[in-house]
Amino acid sequence: MSFDLYLIVESVPLMLSGIGITLKLLVISAFLGLLLAILLLLMRISGKWYLDWPAQVYIYVFRGTPILVQIFIVYYGFPQFEFIRDSIFWPILREPAGCAIVALSLNTGAYVSEILRGGVLGVGKGLLEAGSALGMSARQKFIYITTPIAVRLALPAYSNDVISLLKSTALASTITIADMTGIARTIVAETYAPYEIFISMAIIYMAFTWVLQKSFGLIEGYLGRYAKREA
Amino acid sequence: MEALTGWWDDYAWGSLVVAKVFLTSIGLMVLFGLIGAGAKLSNIRIAQKLAGAYTVIFRGTPEILVILLLYFGSAIALTSITQMFDPEVKFVDVPPFWAGTFAIAIIVGSYATETFRGAFLGVSPGSIEAARALGMSPLQTFIYIRIPEMWRIALPPFGNHMLSLIKDTALISIIGLNETLFVAKQAIATTNKPFTMYIFVGLIYLAFSSAITLSVMGLEKFGKRTTEGAR
């Protein structure tokens with residue numbers, strides 16, 4: 001057992017060549033997941049049971065099952081049906097990357113909607129009463145009072161979810177996608193040097209996480225710039 | 001649904017493996033979490049730094065990398081150790097059960113570290129002072145005051161850790177553990193019904209996570225029984 005430094009120097013650029021795919025999975029899934037989360041949130045707080053219940057069931061199912069199972073259902077499971085293979089979604093679901101993005105977005109949407117709901121519920125009642133007193137409509141109150149405050153409240157938890165989404169993108173390697181983890185697994189299969197490859201891979205992911213954390217910290221500081229002055 | 005005929009017992013055995021991994025990893029997770037929290041709360045600089053590194057590393061690395069590293073890495077390490085004593089040995093196989101269980105327990109333990117630390121710090125100083133005023137020894141204070149207050153604080157996040165553990169067991173199928181996802185793969189090879197099989201795996205996991213959620217809810221209610229009536 002030895003630690004082959006030369007192998008690390010050789011394979012790190014190879015693994016980094018997969019960063020584009022990892023980033024693509026992360027950014028697109030985070031964006032689509034956020035849209036889905038906002039939709040689910042609006043359904044949850046609509047006050048109408050026929051919108052609230054389906055959203056609750058959706059969140060319950062997607063938070064209660066492993067993301068790997070969800071990826072497999074989309075990638076291996078959907079093509080079982082003729083009507084899916086004939087549908088307009090087939091060009092997306094035919095590609096492993098498309099499947100990974102679909103599964104990751106559906107998954108993260110469920111988690112993020114709960115985070116957003118936490119933010120919305122955290123908005124002080126007094127502020128909304130003040131809005132009513134000023135004669136604001138329910139929609140105006142939601143846009144001008146609830147949204148800005150809820151975004152600020154939800155951001156720390158949201159940044160954690162983006163980081164776990166980054167970690168989930170590594171699972172795309174199980175459906176033949178050559179993201180960073182996929183490339184690392186191929187190299188290990190060829191060289192059988194798990195320590196060198198997986199540890200350097202882990203360090204790259206940690207650096208990635210750190211960058212995400214710092215960026216969200218900057219956004220939090222920016223959004224909280226008024227709140228800070230009062231304190 | 002008829003595709004499932006003949007696979008029921010395989011799924012039952014797979015679920016049993018999931019339950020075994022889950023129960024074993026809870027024990028280990030609590031152990032790692034307590035060690036981590038103890039180190040963070042201690043006055044020893046090195047212990048604090050090590051525990052800090054532990055949480056940063058395992059929160060920033062994808063779960064699948066940790067599982068793969070532990071599985072292949074421990075096989076290599078064990079092989080070279082065994083070869084020192086018996087050069088005849090070509091390869092030592094590590095059971096995926098133990099490699100996987102350790103991996104997910106270490107990962108979730110890094111989250112539990114923060115939970116336990118928070119719970120320890122969350123015990124109100126007034127209670128501790130009151131215990132001291134009553135002449136309780138530090139050990140008595142710990143058993144009768146700290147632990148009853150701590151588990152109530154730690155329970156909600158601990159429930160989330162248990163959910164992470166149960167969902168992470170699905171990842172261990174990647175290194176060949178014969179749990180439900182692995183059973184599904186074999187069933188698909190003969191029945192060619194991937195959607196049915198993976199949806200069924202999803203339902204099994206949903207049942208597991210529902211059971212966990214319900215027991216945590218019950219325990220929370222039990223924990224509140226004394227405070228609720230006082231109000």
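Every number here is computed from the coordinates shown, using simple stated rules; none is lab data. Note that the structure is a prediction, hence the values are computed from the model and not measured. With ideal geometry, Cβ positions are generated from the backbone for all residues, glycine too; neighbour counts draw on all protein chains shown.
A few comments on the model shown:
- Remark: relative contact order (the range A:143-203) = 18 percent; criterion is Cα-Cα distance under 8 angstrom and separation of 6 or more residues.
- Tilt relative to chain B, helix B:194-230 - C-alpha long axis, 0 to 90 degrees, to 10: 10 degrees
- GNM on chain B, alpha-carbon springs under 10 angstrom: the most fluctuating residue among B:Ile174, B:Ile64, B:Ile143 is B:Ile143.
- Estimated [θ] at 222 nm from DSSP helical runs (n ≥ 4, -39500 (n - 2.57)) normalised by residues in chain A, nearest 500: -25000 deg cm²/dmol
- When only Cα pairs below 8 angstrom with a gap of at least 6 residues are kept, the range A:5-225 shows a relative contact order of 30 percent.
- Size estimate for chain B follows the Kirkwood approach: the inverse of mean 1/r over distinct Cα pairs works out to 20.3 Å.
- Cα-centre dipole for chain B with unit charges at Cβ (Lys and Arg positive, Asp and Glu negative), debye to 20: 920 debye
- Burial order of peptide ranges A:214-223, A:140-149 (average beta-carbon count within 10 Å, highest first): A:140-149, A:214-223
- Look at B:Thr82, B:Thr55 and count the other Cβ atoms within 10 Å of each Cβ; fewest to most, that gives B:Thr82, B:Thr55.
- Residue pairs exceeding 22 angstrom between C-alpha atoms, taken from A:Lys214/B:Lys167; A:Lys24/A:Lys167; A:Lys167/A:Lys214; B:Lys20/B:Lys224; B:Lys20/B:Lys90; A:Lys24/A:Lys214: A:Lys214/B:Lys167; B:Lys20/B:Lys224; B:Lys20/B:Lys90.
- Within 10 Å of the Cβ of each residue in A:198-209, the mean number of Cβ atoms contributed by other protein chains is 4.
- Shielding of peptide B:63-74 by partners, expressed as the average count of other chain Cβ atoms within 10 Å per residue Cβ, is 6.
- Only Lys, Arg (+1) and Asp, Glu (-1) charged, at Cβ; the range B:85-201 dipole about Cα centre in debye: 360 debye
- Kirkwood estimate for the protein assembly as shown, i.e. one over the average of 1/r between Cα atoms, Å: 24.5 Å
- Relative to the Cα centre, the charge distribution of the protein assembly as shown, modelled as +1 at Lys and Arg Cβ and -1 at Asp and Glu Cβ, gives a dipole magnitude of about 1860 debye.
- For chain B, the relative contact order is 29 percent, taking Cα pairs closer than 8 Å that sit 6 or more residues apart in sequence and dividing their mean separation by the residue count.
- Equivalent ellipsoid semi-axes, chain A, via Cα gyration tensor eigenvalues times 5, rooted, Å: 39, 25, 12
- Anchor B:Lys49: aspartates and glutamates whose Cα lies under 16 Å away (excluding residues fewer than 8 positions away in-chain): B:Glu114
- C-alpha long axis of helix A:147-169 to longest principal axis of chain A, angle in °: 20 degrees
- Helix B:8-41 vs. chain B, principal-axis angle (Cα, 0 to 90°, nearest 10): 40 degrees
- Shielding by partners - mean other protein chain Cβ count within 10 Å, residues of B:128-136: 0
- Exposure proxy shown here: for B:Ser127, A:Ser113, B:Ser210, the number of other Cβ atoms within 10 Å sets the order, fewest to most, as B:Ser210, B:Ser127, A:Ser113.
- With neighbour counts taken as other beta-carbon atoms within 10 Å, the residues A:Tyr226, B:Tyr11, A:Tyr75 rank, fewest first, as A:Tyr226, B:Tyr11, A:Tyr75.
- When the charge dipole of chain A is built from unit charges on Cβ atoms (+1 for Lys and Arg, -1 for Asp and Glu) and taken about the Cα centre, the candidate among A:Ile71, A:Trp90, A:Gly47 whose Cα reaches farthest toward its positive end is A:Gly47.
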